[in-house]
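What follows is one structure encoded as C-alpha coordinates, with my remarks underneath.
The values are calculated or read from the model by the stated rules, or taken from the named source; none is laboratory data. The structure displayed is predicted, hence computed values, not measured ones. As a convention, Cβ positions derive from the backbone with ideal geometry for all residues, glycine included, and neighbour counts pool all protein chains shown.
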Amino acid sequence: MSGKTLGIVGLGAIGKVVANCAKGFGMKILAYAPYINAPYCREHQIASVSFEKLIRTADVITLHLPLNENTRHMIHTEVIASMKNNALIVNASRDGIIDEAAAYQALKCGKLEGLGLDTFEVELPAASPLFELPNVVVTPRTGAHTKEATENMTNAAVQNLIDVLTGRACPYIISK
(Lines give C-alpha, C1' and ligand atoms only; values in the text may rest on other atoms or scores of the structure.)
Protein backbone atom coordinates (compact mmCIF):
# COMPACT_ATOMS: atom_id res chain seq x y z
CA MET A 1 0.00 0.00 0.00
CA SER A 2 3.00 2.28 0.36
CA GLY A 3 2.86 5.10 -2.13
CA LYS A 4 -0.79 4.48 -3.00
CA THR A 5 -3.51 7.07 -2.53
CA LEU A 6 -6.34 6.36 -0.11
CA GLY A 7 -9.60 8.24 -0.61
CA ILE A 8 -11.76 8.42 2.50
CA VAL A 9 -15.39 9.36 1.86
CA GLY A 10 -16.72 10.44 5.25
CA LEU A 11 -14.10 11.71 7.69
CA GLY A 12 -15.91 11.11 10.95
CA ALA A 13 -14.60 9.10 13.89
CA ILE A 14 -14.08 5.90 11.89
CA GLY A 15 -12.69 7.68 8.84
CA LYS A 16 -10.11 9.36 11.08
CA VAL A 17 -9.02 6.00 12.51
CA VAL A 18 -8.67 4.64 8.97
CA ALA A 19 -6.58 7.69 8.02
CA ASN A 20 -4.24 7.09 10.96
CA CYS A 21 -3.83 3.44 10.00
CA ALA A 22 -3.14 4.36 6.36
CA LYS A 23 -0.34 6.70 7.45
CA GLY A 24 1.41 3.67 8.92
CA PHE A 25 1.44 2.14 5.45
CA GLY A 26 2.91 5.27 3.88
CA MET A 27 -0.23 6.14 1.95
CA LYS A 28 -1.19 9.58 0.66
CA ILE A 29 -4.59 10.43 2.14
CA LEU A 30 -7.45 12.31 0.50
CA ALA A 31 -10.77 12.95 2.20
CA TYR A 32 -14.17 14.16 1.20
CA ALA A 33 -17.01 14.95 3.58
CA PRO A 34 -19.86 17.44 3.24
CA TYR A 35 -18.76 19.08 6.49
CA ILE A 36 -15.02 18.50 6.51
CA ASN A 37 -12.92 19.55 9.48
CA ALA A 38 -10.27 21.57 7.62
CA PRO A 39 -8.04 22.23 10.68
CA TYR A 40 -8.00 18.49 11.45
CA CYS A 41 -7.04 17.73 7.84
CA ARG A 42 -4.17 20.23 7.89
CA GLU A 43 -2.91 18.96 11.24
CA HIS A 44 -2.91 15.34 10.03
CA GLN A 45 -1.66 15.88 6.47
CA ILE A 46 -4.96 14.86 4.88
CA ALA A 47 -5.84 16.57 1.61
CA SER A 48 -9.45 17.80 1.68
CA VAL A 49 -10.76 17.41 -1.88
CA SER A 50 -14.02 17.32 -3.80
CA PHE A 51 -15.81 14.01 -4.20
CA GLU A 52 -15.04 14.08 -7.92
CA LYS A 53 -11.29 14.60 -7.39
CA LEU A 54 -11.15 11.85 -4.76
CA ILE A 55 -12.90 9.43 -7.13
CA ARG A 56 -10.56 10.27 -10.04
CA THR A 57 -7.38 10.14 -7.95
CA ALA A 58 -7.62 7.44 -5.28
CA ASP A 59 -6.23 3.93 -5.69
CA VAL A 60 -8.30 2.72 -2.75
CA ILE A 61 -11.66 4.27 -1.82
CA THR A 62 -13.13 3.60 1.60
CA LEU A 63 -16.66 4.63 2.54
CA HIS A 64 -17.68 5.81 6.02
CA LEU A 65 -21.07 7.46 5.60
CA PRO A 66 -24.63 7.35 6.83
CA LEU A 67 -27.25 6.14 4.36
CA ASN A 68 -29.65 8.88 3.25
CA GLU A 69 -31.11 10.26 0.03
CA ASN A 70 -27.76 11.91 -0.82
CA THR A 71 -25.66 8.78 -0.29
CA ARG A 72 -27.92 6.00 -1.64
CA HIS A 73 -26.12 4.54 -4.69
CA MET A 74 -23.51 7.29 -4.40
CA ILE A 75 -21.16 4.80 -6.05
CA HIS A 76 -22.90 4.03 -9.33
CA THR A 77 -21.96 3.26 -12.95
CA GLU A 78 -20.86 6.79 -13.89
CA VAL A 79 -18.86 7.30 -10.70
CA ILE A 80 -17.12 3.95 -11.16
CA ALA A 81 -16.33 4.86 -14.78
CA SER A 82 -14.52 8.00 -13.58
CA MET A 83 -12.33 6.03 -11.13
CA LYS A 84 -8.77 5.04 -11.87
CA ASN A 85 -8.48 1.69 -13.56
CA ASN A 86 -7.84 -1.05 -11.01
CA ALA A 87 -9.16 0.94 -8.05
CA LEU A 88 -10.33 -0.87 -4.94
CA ILE A 89 -13.49 0.03 -3.00
CA VAL A 90 -14.20 -0.84 0.63
CA ASN A 91 -17.64 -0.26 2.15
CA ALA A 92 -17.77 -0.91 5.87
CA SER A 93 -20.38 1.74 6.59
CA ARG A 94 -23.97 1.36 5.36
CA ASP A 95 -25.89 -0.73 2.88
CA GLY A 96 -27.12 0.91 -0.30
CA ILE A 97 -24.22 3.33 -0.77
CA ILE A 98 -22.82 1.16 -3.57
CA ASP A 99 -24.95 0.13 -6.53
CA GLU A 100 -23.94 -3.53 -6.34
CA ALA A 101 -25.06 -4.30 -9.92
CA ALA A 102 -22.77 -1.54 -11.22
CA ALA A 103 -19.90 -2.76 -9.03
CA TYR A 104 -20.41 -6.31 -10.27
CA GLN A 105 -20.14 -5.20 -13.90
CA ALA A 106 -17.01 -3.13 -13.18
CA LEU A 107 -15.39 -6.07 -11.40
CA LYS A 108 -16.27 -8.49 -14.20
CA CYS A 109 -14.79 -6.28 -16.91
CA GLY A 110 -11.68 -5.42 -14.91
CA LYS A 111 -12.39 -1.73 -14.33
CA LEU A 112 -12.32 -2.33 -10.57
CA GLU A 113 -9.51 -4.39 -9.05
CA GLY A 114 -11.50 -5.40 -6.02
CA LEU A 115 -14.36 -4.78 -3.64
CA GLY A 116 -14.59 -5.25 0.12
CA LEU A 117 -18.02 -5.30 1.74
CA ASP A 118 -19.12 -5.51 5.34
CA THR A 119 -22.66 -4.49 4.36
CA PHE A 120 -24.98 -5.21 1.44
CA GLU A 121 -27.90 -3.58 -0.34
CA VAL A 122 -30.03 -6.42 1.00
CA GLU A 123 -28.76 -7.35 4.45
CA LEU A 124 -27.82 -10.98 4.94
CA PRO A 125 -28.15 -11.95 1.30
CA ALA A 126 -28.52 -15.69 0.76
CA ALA A 127 -26.81 -15.29 -2.60
CA SER A 128 -25.28 -12.53 -4.66
CA PRO A 129 -23.46 -12.53 -7.97
CA LEU A 130 -20.67 -10.73 -6.10
CA PHE A 131 -20.02 -13.93 -4.11
CA GLU A 132 -18.90 -15.64 -7.33
CA LEU A 133 -16.03 -13.23 -7.99
CA PRO A 134 -12.50 -13.90 -6.73
CA ASN A 135 -11.78 -10.17 -6.31
CA VAL A 136 -14.57 -9.60 -3.75
CA VAL A 137 -14.09 -9.97 0.00
CA VAL A 138 -17.20 -10.00 2.16
CA THR A 139 -17.70 -10.16 5.91
CA PRO A 140 -20.94 -10.58 7.84
CA ARG A 141 -21.12 -7.12 9.43
CA THR A 142 -18.35 -7.89 11.88
CA GLY A 143 -16.29 -4.72 11.79
CA ALA A 144 -17.19 -3.65 15.32
CA HIS A 145 -17.37 -7.08 16.91
CA THR A 146 -14.15 -7.15 18.85
CA LYS A 147 -13.94 -7.82 22.55
CA GLU A 148 -12.84 -4.23 23.18
CA ALA A 149 -15.57 -2.70 21.02
CA THR A 150 -18.25 -4.76 22.75
CA GLU A 151 -16.95 -3.72 26.17
CA ASN A 152 -16.82 -0.06 25.11
CA MET A 153 -20.40 -0.17 23.78
CA THR A 154 -21.61 -1.84 26.98
CA ASN A 155 -19.86 0.72 29.18
CA ALA A 156 -21.22 3.61 27.12
CA ALA A 157 -24.77 2.23 27.30
CA VAL A 158 -24.59 1.85 31.08
CA GLN A 159 -23.12 5.36 31.48
CA ASN A 160 -25.87 6.77 29.24
CA LEU A 161 -28.49 5.13 31.43
CA ILE A 162 -26.91 6.49 34.60
CA ASP A 163 -26.60 9.99 33.11
CA VAL A 164 -30.21 10.12 31.93
CA LEU A 165 -31.65 8.71 35.17
CA THR A 166 -29.62 11.08 37.35
CA GLY A 167 -30.39 14.17 35.26
CA ARG A 168 -26.83 14.68 34.03
CA ALA A 169 -25.96 15.71 30.50
CA CYS A 170 -25.76 12.68 28.24
CA PRO A 171 -23.44 13.20 25.25
CA TYR A 172 -24.81 10.21 23.30
CA ILE A 173 -28.49 11.06 22.90
CA ILE A 174 -29.51 10.57 19.29
CA SER A 175 -32.83 12.38 19.46
CA LYS A 176 -34.28 14.46 22.31
- Message: Quick check on my filter: what residues within segment 84-121 are assigned to a strand (DSSP E or B) and surrounded by fewer than 18 Cβ atoms within 10 Å (Cβ to Cβ)?
- Response: GLU113, GLY114, GLY116
- Task: May I ask you to list the residues in segment 65-109 that are acidic (Asp, Glu) and free of Cβ contacts under 8 Å to residues at least 24 places away in the same chain?
- Result: GLU69, GLU78
- Report whether or not ALA81 is surrounded by fewer than 16 Cβ atoms within 10 Å (Cβ to Cβ), at pLDDT 95 or above and of a type outside the set (S, T, N, Q). yes
- Evaluate segment 50-59: report whether one residue or more is over 20 Å from CYS109 (Cα atoms), crowded, with 18+ Cβ neighbours inside 10 Å and out of contact with any Leu (no Cβ under 6 Å at 6 or more places or on another chain). no
- Query: Which numbered condition trips up HIS44, out of (1) farther than 19 Å from SER93 by Cα; (2) exposed (fewer than 15 other Cβ atoms within 10 Å of the Cβ)?
  - Reply: (2)
- Message: I'm checking my understanding of the structure. Among residues of segment 1-46 that are part of a loop (DSSP other than H, G, I, E, B) and of a type in the set (Gly, Ala, Ser), which one is nearest to the chain's Cα centre (by Cα)?
- Response: GLY10
- Note on the structure: Scanning segment 139-166 residue by residue, those at pLDDT below 90 and part of a loop (DSSP other than H, G, I, E, B) turn out to be THR139, PRO140, ARG141, THR142, GLY143, ALA144, HIS145, THR146
- Task: Give the residues of segment 1-46 that are in contact with a Leu (Cβ under 8 Å, 6 or more places away or on another chain) and of a type in the set (Ser, Thr, Tyr), sorted by residue number.
- Result: THR5, TYR32, TYR40
- The condition of being crowded, with 16+ Cβ neighbours inside 10 Å, in contact with a strand residue (DSSP E or B) (Cβ under 7 Å, 6 or more places away or on another chain) and under 17 Å from ALA102 (Cα atoms) holds, among ILE29, ILE75, only for ILE75
- Query: Has segment 5-25 got any residue that is among the aromatic types (Phe, Trp, Tyr), surrounded by fewer than 17 Cβ atoms within 10 Å (Cβ to Cβ) and free of Cβ contacts under 8 Å to residues at least 24 places away in the same chain?
  - Reply: no
